[in-house]
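First up is the structure itself, then whatever we jot down about it.
Coordinate-derived values only; no laboratory data. Predicted, not measured: the structure shown is a model, and the values here were computed from it. Neighbour counts are summed over all protein chains in view; Cβ atoms, including those assigned to glycine, are modelled from backbone coordinates with ideal geometry.
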Amino acid sequence: MRSLVLGLVLASAVWAAWQLDLARYMSVAGMRALVDAHAHYGPLVFMAIVVAGLFTRLPMMGTVLVAVGAVLFGRLPAFAYGWLAALVGTTAIFLLVRSVARDYVQRTLDARSGWLRAIDERVARNGFRTVLVLRLVFGLAPMLNWGLGLTGVRLPHYVAATALGIAPNLAVAVFFADAIVSRLPGSGISSPLVVVGGTLVVVAIATAGVARRLRRKRANEAARAAILQPDGSRRDGHRDQAGREDAAERPQRPGRQAMSSLRNALVEQFGRPSGLLGRLVGFIMRVRPSNRERNLRTVALLDIRPDDEVLEVGFGPGLAIERAAALTSRGKVVGIDHSELMLREARRRNAKAIEVGRVELLLGSADRLPDYALRFDKVFAVNVYMFWDDPVSILRGLRGAMKPGGTILLTLQPRNRGATNEDAREAADRMASSLRGAGFENVRIEILTMSPVDAACVFGQAATAW
């Protein structure tokens, strides 16, 4: 029965490939025509085509489609859409093959081949590492998409390793596709294939380097073990204690540990975005609804007037700068941020206002404010306070850059895992205490009701004389 189901699925995939003629979407013109025909749902249609391409088992189909998407959506959106679609598609294939054919393979291995069974058991024990290395080398190769479901690799390990392993492959394809395609004549299949070929070369070189490091690390560990445990009696005498220590130190769930490390790296990037992860963080800042709402409501609370001079500390992708500039027809909006990546992105977003002199964006740090002759009526910072090592000192510096009687507003919406509304209120108390310590007057707290957790807004007023 399961074999029949698998046959029907494969037959359906072949029929879908024939009906949809997926190969024509490997060209920029073909994909653009499809996306334009479904303007409101273009990204979803693109993701569906990528998933369908993985099911067809055509060589390099998934990577080529994602590379084509970079020309249509831009590099970072195409990476996000393509990565998510690839993860969904490969996981669906894994679950399909696992549910239909795994039991049959297991019975065959048990009955006929001892050495194949031993390999399968070893793959299952080292599932995360095995899948990660294979994905780094072969990316979205059909043999992996369909073959790994037959092994004993656990689903969490497969998903985590695939999520990490396909990222370099797709990143190289996406972030170079636009530049390469724009320099090649035409927009047919040949351009994305050049991108994919370059991708495979880069990934293969990177993988070789990783493999060398792993081999060197293993050799060093073996040498240390030989030095610390030179004879069998000593090793046996401490076996129980060493076993307990090893169990305590050894990560129990490598897939979960890897995802936790990736999440921590992303969180750190929000403090100072840079590199590939920084681009992903900038994309999240731009599109996440809570981030947009938080910035726009903060600007609304400041009651900016047409002739106000305004300063934002840590402007990120420039959402609040853009809104504040629309309110200051005769004044000026200045922003400082210590991320060169965010500076470039915010300058692109606010190019027109910068050109006419109503916005100026500077590379700088809150604890080392650039020398600036202008004094500000309004100063604000959105979800930046938690990255300040010495907030009182920083706030004193900001107070010195303000006009007497000027208003400062600090907004913080906790976005850590498991954050609650109580966390927002505690953050409000800390920010209020810092403002008072820095010499601000009339400090008051306002809580914004937001989803998924409330945001704390704390106002302060620069003294009229100091």
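For the pair R396 and L155 in one chain, pulling the backbone fully straight at 0.36 nm per residue adds 81.5 nm over the alpha carbon distance. Scanning residues 5 or more positions from G335 or on other chains, those with amide H under 5 Å from its amide H are E312, E360, L361, L362, with H placed 1.01 Å from N in the peptide plane.
As a rough guide to protection, the peptides 399-406, 308-315 ranked by mean Cβ packing within 10 Å, highest first, stand as 308-315, 399-406. Can you tell me the convex hull volume per residue for the range 289-461, based on C-alpha atoms, in Å³ to the nearest whole number? Per residue, the Cα convex hull of the range 289-461 comes to 107 Å³. Extension gain, A463 to D307, is 54.1 nm, computed as 0.36 nm per intervening residue step minus the present C-alpha separation. Between the amide H of V379 and those of L311, T407, I408, L409, distances stay under 5 Å, these residues lying 5 or more places away or on another chain, with hydrogens modeled in the peptide plane.
Other residues within the sphere of radius under 9 Å centred on the Cβ of G335, judged by their own Cβ, net out at -3 (K and R +1, D and E -1). Modelled this way, with points 7 Å down the Cα-to-C-beta line, the labels at F387 and A92 are 3.7 nm from one another.
Provide the net charge surrounding A456, with neighbours chosen by a C-beta distance below 10 Å and charges set as Lys +1, Arg +1, Asp -1, Glu -1. Summing Lys and Arg as +1 and Asp and Glu as -1 gives -3.
Expressed as a fraction of 2.2 N^0.38 Å, the value expected for a compact globular protein of N residues, the C-alpha radius of gyration of the range 333-431 is 1.19. Close amide-amide hydrogen proximity is noted between A463 and G405, E441, each under 5 Å apart and 5 or more residues distant or on a separate chain (H modeled in the peptide plane; Pro and chain starts excluded).
For S365 and T420, the difference between the fully extended length at 0.36 nm per residue and the C-alpha to C-alpha distance is 16.9 nm.
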